[in-house]
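Q: Supplied in structure tokens, the structure appears directly below.
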Amino acid sequence: MLIPLKQFYCDTCGQIIESPNEGYTEWKREVNLDTNEMTAFCSGFKIIHNKPYSPNPDKGCSQYLHDEIIEGSMSKSLERMLSLGLISLLSFLDDGKSKQRQYNDPEISAREMRDFVAFFSRLIIPYYEEARKYFLKAETELFYRELGGEEIYDPSILEKIVQKFSIR
């Protein structure tokens with residue numbers, strides 16, 4: 001069992017990141033092609049090994065920061081992201097720079113919002129990181145068929161999912 005909010009699975013290699021100082025977070029921020037400025041829209045959130053701790057020391061585990069940096073790629077140490085917690089979450093939702101910001105952006109799909117919520121759930125909800133690996137199995141075995149709403153984010157339920165399905 002992972003140590004909640006201390007150990008994570010790397011989104012690139014799938015191996016365990018043993019502690020927050022061994023991890024990094026990365027994402028992409030869209031660039032407005034007309035103004036060549038970064039927009040507020042972010043996507044592609046990942047938790048990865050910090051390069052010195054990567055099982056692939058030559059390339060590391062970054063999906064966006066290689067020899068050629070992908071335009072708009074952003075990153076923050078996992079340790080820093082965890083220490084900021086909800087502050088980071090809120091700043092992604094509204095950075096406070098635009099008092100007239102529009103929230104009806106058709107470019108933000110339900111899938112992208114779910115990816116965002118899953119990313120931050122991994123960072124702030126105990127047992128979510130490990131339990132998410134068993135959601136499909138738990139669903140097919142009717143373990144949490146009736147769950148919905150906030151129950152899927154309840155650490156006590158997530159811990160039960162981990163205990164039931166991680167030993168198989």
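The values are calculated or read from the model by the stated rules, or taken from the named source; none is laboratory data. The structure displayed is predicted, hence computed values, not measured ones. FYI the Cβ positions are ideal-geometry reconstructions off the backbone, even for glycines, and counts take in every protein chain you see.
Q: Among the candidates S88, S121, S98, single out the residue that is at pLDDT 90 or above, out of contact with any Leu (no Cβ under 7 Å at 6 or more places or on another chain) and either assigned by TED's automatic domain parsing to the domain that holds E159 or of a type in the set (G, A, S) (or both).
A: S121
Q: Quick one: count up the residues across region 50-85 that are at pLDDT 75 or above, on the phi > 0 side of the Ramachandran plot and over 14 Å from the mean Cα position of the chain (by Cα).
A: Final tally of qualifying residues: 1.
Yes/no per residue for (1) modelled with pLDDT under 90; (2) assigned to a helix (DSSP H, G or I); (3) touching a Leu at 6+ places or on another chain (Cβ under 8 Å):
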residue: P126; (1), (2), (3): no, no, yes
residue: E129; (1), (2), (3): no, yes, yes
residue: K137; (1), (2), (3): yes, yes, no
residue: Y144; (1), (2), (3): yes, no, no
residue: E150; (1), (2), (3): yes, yes, no
residue: I167; (1), (2), (3): yes, no, no
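Q: Please go through region 22-44 and give me each residue that is modelled with pLDDT of 80 or more and hydroxyl-bearing (S, T, Y), ordered by number.
A: Y24, T25, S43
Q: Mind counting the residues in region 129-143 that are in contact (Cβ under 8 Å) with a residue 60 or more places away in the chain, crowded, with 18+ Cβ neighbours inside 10 Å and over 10 Å from the mean Cα position of the chain (by Cα)?
A: 1
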